[in-house]
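Visitor: Quick one: the structure is below, questions incoming.
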Amino acid sequence: MMISTPHLPTTGAASARARAAGASPPLVCWFEECSRESVPLVGGKCASLGELTNAGVRVPPGFAVTTETYRRFIAEAGLQRTIGEQLARLDVGDLGALEAASASIRAAIHEHPFSNEIEDAIAESYRKLSVRCCVPAAPVAVRSSATAEDLPDASFAGQQDTFLWIRGANEVLDHARRCISSLFSARAIGYRAQKGFSQTDLALSVGVQKMANSFTAGVMFTLHPGNGDRSVIVIDSNFGFGESVVSGEVTPDQFVVNKVTLDILERTISTKEICYTVDAKSQRSVRIEVPHERRRVQSLIDDEITQLAWMGKQIEKHYGCPMDIEWAVDKDLPAGGNLYILQARPETVWSRKARASSAQAGERSAVDYILDSMLRGRKVN
């Protein structure tokens, strides 16, 4: 999992000096320049990717279009007033009005191009990323990264858009604007209103990350998402990109792994009817049917399951809490070095329940849960 990171011809040091001198924040930051403290500048998703990269986790390289870019774009396009007027008179309980306001705001964002300075910063960073990947017009994932994705009392994760297998500078610029506009989807506006958040104070960063050409992908929890058992790691997987698993469009294969010994305790091989992959002709991410003869085939081999679980343990150790992790097996890379971590965030459901009950039951560590499993007779060797 630990890898060396090649030197990038970036202006990271210069950006740090500029910030220290009180200059404007940068328009673009490489993941290597980000950490978990960078959320105000690059949002939760990109901050996590930077934290993982600097911890030595195998993460596809990329960069963040910062919240400074978002604010400058909104200001230069004169969109702050338009957004404010649309939302000030909005009754979020009126679904028709909510959809109409969202459509109007998003259309206004799509119609305004970035300034030359912003376009140059993003396009040049994309060119450097393509050089680093040794692929002309490297395929990338363009991901929204909001500044308030996983707060103690609210989770904004998954409310903004992600676009897979995007190629070419113009396409990256267009989809970066689409990510920005997704901050004002009807769902996102309604959720912020429900939680009492300001509709205009949030900001959005956009992550541009080398696309893993996934043979298999999915999610991994460093506890059992069904019962909160911290003695196990649970891995869900399907063929192709992880979108089918994250969106719930398919019932994935599931593997339950002992967190101590990394033995596979349970395996459930599902009938996987659809997956997402790249269409070689159009170079677009497409939804396809899995061939009948592959639907009941195990989508991860046992060695990959063990390696993923080990990586999950290291990430949990680094963050100090149970984690929700997205991963992929890149079919363009040789076995042993083809497992990528695409995202990692603290698990929220069971962690909140644990915090709520800790005053009565006392704090419990992962070791406590492991000992409980041993006493229940669960396999540990």
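Visitor: As I understand it, the dipole of segment 171-213 uses +1 on the Cβ of Lys and Arg and -1 on the Cβ of Asp and Glu, about the Cα centre. Which of N213, H175, Q194 lies farthest toward its positive end?
Guide: With unit charges placed on the Cβ atoms, the residue in question is Q194.
Visitor: Also, quick follow-up: If you take the square roots of the eigenvalues of the alpha-carbon gyration tensor of segment 170-257 and sort them as a ≥ b ≥ c, do you get rounded (a/c under 1.5), prolate (a/b over b/c) or oblate?
Guide: On the way: a/c = 2.67, a/b = 1.44, b/c = 1.86.
It is oblate, given that a/c is not under 1.5 and a/b is not larger than b/c.
Visitor: Let me ask you something else. Accessible area per residue, 1.4 Å probe, Å², for segment 253-356: what's the number?
Guide: Details: 5220 Å² over 104 residues.
The answer is 50 Å² per residue.
Visitor: Also, quick follow-up: Find the centroid of the Cα atoms in segment 248-319 and in segment 120-138, then give the distance between the two in whole Å.
Guide: 30
Visitor: What dipole magnitude, in Debye to the nearest 20, does segment 18-86 give about its Cα centre under +1 on Lys/Arg Cβ and -1 on Asp/Glu Cβ? Please report the intermediate quantities before stating the final value.
Guide: Values: 7 positive and 7 negative charges, 13 e Å.
That gives segment 18-86 a dipole magnitude of about 60 debye.
Visitor: Past the 32 Å Cα-Cα mark, which pairs from K45/K195; K210/K272; K331/K353; K45/K259?
Guide: Numbers: K45/K195 21 Å; K210/K272 26 Å; K331/K353 38 Å; K45/K259 26 Å.
Pairs exceeding 32 Å: K331/K353.
Visitor: Run the numbers for I288 and I264: contour at 0.36 nm per residue of separation, minus the present Cα-Cα distance, in nm.
Guide: Details: separation 24, 0.36 × 24 = 8.64 nm, distance 2.97 nm.
Contour length minus Cα-Cα distance gives 5.7 nm.
Visitor: Next up: Got the relative contact order for segment 139-277 handy, in percent, Cα pairs under 8 Å and 6 or more residues apart?
Guide: Values: 253 pairs, mean separation 26.2, N = 139.
That works out to 19 percent.
Visitor: Roughly speaking, to the nearest percent, how much of segment 155-276's 1.4 Å accessible area is carbon and sulfur? Don't jump to the answer; show the numbers that get you there.
Guide: Details: 1740 of 3920 Å².
After summing per-atom areas, the C and S share lands at 44 percent.
Visitor: Further, regarding this structure: Is the shape of segment 45-124 best called rounded, prolate or oblate, per the rule: a/c under 1.5 gives rounded, else a/b larger than b/c gives prolate, else oblate, with a ≥ b ≥ c the square roots of the Cα gyration tensor eigenvalues? Please report the intermediate quantities before stating the final value.
Guide: Working: a/c = 3.19, a/b = 1.72, b/c = 1.86.
Taking the square roots of the gyration eigenvalues as a ≥ b ≥ c, segment 45-124 is oblate.
The values are calculated or read from the model by the stated rules, or taken from the named source; none is laboratory data. Please read all numbers here as calculations on a predicted model, not as lab measurements. In this analysis, Cβ positions are derived from the backbone assuming ideal geometry, glycine residues included, and neighbour counts consider all displayed protein chains. Surface areas here come from the heavy atoms of the whole protein model, side chains and all, with no ligands, DNA or RNA. Shrake-Rupley method; radii C 1.70, N 1.55, O 1.52, S 1.80 Å.
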